[in-house]
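All of the numbers you see were taken from the coordinates with simple rules; none came from a lab. Fair warning: this is a prediction, and the values are worked out from it, not measured in the lab. All Cβ positions, glycine included, derive from the backbone under ideal geometry; neighbour counts span all protein chains shown.
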Amino acid sequence: MQQPSAIVRVDKATKVYQRDRIPVPALQETSLEIQPGDFVALVGPSGSGKTTLLNLIGGLDRPTSGRIWVGEQEITNLGRKALAEVRLRRIGFVFQEYNLVPVLSALENVEYVMLLQGIDEEQRRQEAIRLLRALGLEGMEHRRPNELSGGQQQRVAVARAIAARPVIVLPDEPTANLDSQSGATLMDLMRRLNEEQGTTFVFSTHDPMVVERASRVIRLRDGRIEADERWASR
Ligand SMILES: Nc1ncnc2c1ncn2[C@@H]1O[C@H](COP(=O)(O)OP(=O)(O)O)[C@@H](O)[C@H]1O
Ligand SMILES: [Mg+2]
């Protein structure tokens, strides 16, 4: 069943958190593969394990048991430093709360991750300008996050996530704090990046408008995959 081309592979991953010494199973023996170019919605009730699964795929957290690969690299047992390197080079996170650096402009926020990667200044600047334009933020390059709307901030966060040229982008409820128009704009832009540049996305959501735009929907319940469906027509 395993396809060598999968860009993420999760094999029987279980995550058990401890709360007041009581084990809380967040994810139970979950297996899945993400293929290049997938545009996946991770859905399920609150507490079903969506954030846990994204955090394991992105190397923000380690599974209690089971194995995880990003491309050919197994990340299951990597140490902190090596995991940080995987996140920097290969993963693009987009958080519900945008998480932009407040004292940096939109342009600087997007450039920042490329700076960490050691990309030279001229190339950084050009790439950041190009990405902000692609996300409809031309003219807003020098604004700080508090001078942008929620929808604009989230688009900066997407630009920042893809600036690193990750193999996969993982937005966790990216439209949760947006009005429906800004949410729809954000999703259309993500879809365009997916179709035109082949960027792979796995996003969690509660929002039917977001689910409707996905080409694959993975449904979680109580830490297990309940359904995994593709829509060929989308
Ligand atoms: N750091 C943590 N410590 C203890 N329990 C946690 C932690 N993170 C998540 N959980 C629990 O794991 C389960 C799954 O949570 P989560 O992955 O955040 O679900 P979702 O994103 O679908 O709402 C929930 O029962 C949640 O309370
Ligand atoms: Mg969550």
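Put a plus charge on the Cβ of each Lys and Arg, a minus charge on the Cβ of each Asp and Glu, and nothing anywhere else: the dipole of the range 139-230 about its Cα centre is then about 260 debye. Look at the dipole of the range 8-230 built from charges on Cβ: of Q18, L88, N194, the Cα furthest out on the positive end belongs to Q18. Distance between the C-alpha centers of the range 170-196 and the range 1-61? Whole Å please. Going from one Cα centre to the other spans 21 Å. Please tell me the relative contact order of the range 8-230 in percent, rounded to the nearest whole number, where contacts are Cα pairs under 8 Å and at least six residues apart. 30 percent. Treating each Cα of the range 44-96 as one equal point scatterer and applying the Debye formula with no solvent, the log10 of I(q)/I(0) at q = 0.22 Å⁻¹ comes out as -0.83. With a 10 Å Cβ neighbour count serving as the proxy for reagent exposure, in which order, fewest first, do D172, D11, D188 appear? The fewest-first ordering by Cβ neighbours comes to D188, D11, D172. Of S31, S5, the sequence from fewest to most neighbouring Cβ atoms within 10 angstrom is S5, S31. Projecting the Cα positions of L78, P166, V8 onto the charge dipole of the chain (unit charges on Cβ atoms of Lys, Arg, Asp and Glu, taken about the Cα centre) puts L78 furthest along the positive direction. With a ≥ b ≥ c the root eigenvalues of the C-alpha gyration tensor of the range 124-208, is it rounded (a/c under 1.5), prolate (a/b larger than b/c) or oblate? Oblate. Only helices enter this figure: runs of n ≥ 4 DSSP H residues, each worth -39500 (n - 2.57), summed and divided by the residues of the chain, yield -11000 deg cm²/dmol at 222 nm to the nearest 500. Charge dipole of the range 112-164 (Cα centre as origin; +1 on each Lys and Arg Cβ, -1 on each Asp and Glu Cβ, all else neutral): 200 debye, rounded to the nearest 20.
For the range 16-101, applying the loop criterion from DSSP together with a ceiling of 12 other beta carbons within 10 Å to the trypsin sites (Lys or Arg not before Pro) yields R21. A Förster radius of 45 Å, combined with the Cβ-Cβ distance separating V24 from H142, puts the computed FRET efficiency at roughly 0.50. What is the antiparallel percent of DSSP beta bridges lying wholly in the chain, to the nearest 5? Percent antiparallel among DSSP bridges in the chain is about 60. Excluding E173 itself, calculate the net charge of residues whose Cβ lies under 12 Å from the Cβ of E173, where each Lys or Arg counts +1 and each Asp or Glu counts -1. Neighbour charge sum, excluding E173 itself: -2. Between K12 and R192, the FRET efficiency from the beta-carbon distance, with R0 = 35 Å, is close to 0.50. Going from the residue with the fewest nearby Cβ atoms within 10 Å to the one with the most, Y112, Y98 rank Y112, Y98.
Computed from point charges on the beta carbon alone (+1 for Lys and Arg, -1 for Asp and Glu), the dipole magnitude for the chain about its Cα centre is near 460 Debye. At each listed q (0.17 Å⁻¹), what is the log10 of I(q)/I(0) that the Debye formula gives for the chain modelled as equal alpha-carbon point scatterers? Evaluating at q = 0.17 Å⁻¹ gives log10 I(q)/I(0) of -1.28.
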